[in-house]
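**Q** Handing you this structure, nothing more for now.
Since every read-out is calculated from the coordinates, none of them should be taken as a lab result. Just so you know, these numbers come straight off a predicted model, no measurement behind them. Cβ atoms come from the backbone with ideal geometry, glycine included; neighbour counts cover every protein chain shown.
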């Protein structure tokens, strides 16, 4: 599977996805950045304009959400708090299924998430 994420600024997106999220840049051209992380591929595609969606467009599974929140926060990633979810001090929501979820935004405002099942 390949995930696609829109961006109006590939240079800024590259710094975020490579440095903050730790993905490996596999290729770059005028149209997209392609990152890999093991068997995962994320293509950040250049768009002329963007209205970020209010929902998660890309997420990662984790076996330790609080560890990963701390790691990302130390790299400058800010986690989102929503008024209608009861999130803990780290911004983690306990879903009805028992999954733990935390959200953050990329530089373009796209909502990304971490989920621990």
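**Q** Rank the residues 97, 27, 90 as a footprinting-exposure proxy: fewest other Cβ atoms within 10 Å of their Cβ go first.
**A** 97, 27, 90
**Q** Just want to confirm a number: the relative contact order over the range 2-116, from Cα pairs under 8 angstrom separated by 6+ residues, in percent.
**A** Reported as a whole number, the value is 28 percent.
**Q** While we're looking at this one, here's another question. Translational D (Stokes-Einstein, µm²/s) of the chain at 20 °C and 1.002 mPa s when Rh comes from the Kirkwood sum over C-alpha pairs?
**A** Translational D for this selection: 145 µm²/s.
**Q** What value, in deg cm²/dmol to 500, does the helix sum -39500 (n - 2.57) over DSSP H runs of n ≥ 4 give at 222 nm once divided by the residues of the chain?
**A** The helix contribution divided over the chain gives -3000 deg cm²/dmol.
**Q** Can you tell me the FRET efficiency between residue 95 and residue 8 if r is taken as the Cβ-Cβ distance and R0 is 30 Å, rounded to the nearest 0.05?
**A** For residue 95 and residue 8, the calculated efficiency is 0.45.
**Q** Distance between Cα centroids, the range 1-39 to the range 63-97: provide it in whole Å.
**A** 22 Å
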